[in-house]
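One structure is given here, and the rest of the page talks about it.
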Amino acid sequence: MYALIIYDVSSNEKRYNLANYLKTKGLARIQRSAFMGRIPPSTLLDVERAIPKLIDGSIDVVHVFQLYDTAIQRVKVFGKPLAEITVKHGVVVIT
């Protein structure tokens, strides 16, 4: 399974901490406020539990989407992405 996490966090410090946390979980930044990557369900659950502790829920928002291989393989990217999404030997690779 893949996860797509998109956020709007007002505090620079909280935004930085959230982004660093998502990187430690193996997710790649695909836009300034969006991360995506292959993630085991148990790790995604850890991420979902950690997010409320990393943001101010009264003003910030984080969207977590679970995506499967077929959805990722249909992604179309226009412009210059921060990370490349490719399919190699039937496996989606985000670099």
Hits in segment 1-19 - residues which are of a type outside the set (Val, Ile, Thr), within 12 Å of Ile51 (Cα to Cα) and open to solvent by less than 50 Å² (accessible area, probe 1.4 Å): Tyr7, Leu18, Ala19
Evaluation of Ile72 against (1) under 19 Å from Lys25 (Cβ atoms); (2) open to solvent by 70 Å² or more (accessible area, probe 1.4 Å); (3) at pLDDT below 85; (4) not charged (D, E, K, R) (one fails), failing number: (2)
Enumeration of residues in segment 31-50 that are over 16 Å from Leu82 (Cα atoms) and either in contact (Cβ under 8 Å) with a residue 40 or more places away in the chain or in contact with a Lys or Arg (Cβ under 8 Å, 6 or more places away or on another chain) (or both): Arg38, Ile39, Pro41, Thr43, Leu44, Asp46, Val47
Inter-residue pairs, beta-carbon under 7 Å, first touching a residue at least 24 places away in the same chain (Cβ under 8 Å) and in segment 72-87, second part of a loop (DSSP other than H, G, I, E, B) and β-branched (Val, Ile, Thr), 6+ apart: Ala83/Thr95; Ile85/Val75; Ile85/Val77
Leading residue by the ranking (farthest from Ile72 (Cα to Cα)) among those in segment 10-35 that are in a loop (DSSP other than H, G, I, E, B) and over 14 Å from the mean Cα position of the chain (by Cα): Ser11
Which numbered condition Ile30 fails, given (1) modelled with pLDDT under 80; (2) crowded, with 17+ Cβ neighbours inside 10 Å: (1)
Pairs, first in contact (Cβ under 8 Å) with a residue 40 or more places away in the chain and charged (D, E, K, R) in segment 1-30, second open to solvent by less than 50 Å² (accessible area, probe 1.4 Å) and part of a strand (DSSP E or B), C-beta under 9 Å, six or more apart: Asp8/Val62; Arg29/Phe35; Arg29/Met36
Sole exception among (1) in contact with a Gly (Cβ under 8 Å, 6 or more places away or on another chain); (2) at pLDDT 95 or above for Leu45, by number: (1)
Of all residues making up segment 75-94, the number that are modelled with pLDDT under 75 and at positive phi: 2
Residues of segment 36-69 that turn out to be open to solvent by 80 Å² or more (accessible area, probe 1.4 Å) and part of a strand (DSSP E or B), as a count: 4
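The values are calculated or read from the model by the stated rules, or taken from the named source; none is laboratory data. Small disclaimer: the values here were computed from a predicted structure and weren't measured. Positions of Cβ are generated from backbone atoms using ideal geometry, with glycine treated the same way; all protein chains shown enter the neighbour counts. Heavy atoms of the whole protein, side chains included, go into the accessibility calculation; ligands, DNA and RNA do not. Shrake-Rupley method; radii C 1.70, N 1.55, O 1.52, S 1.80 Å.
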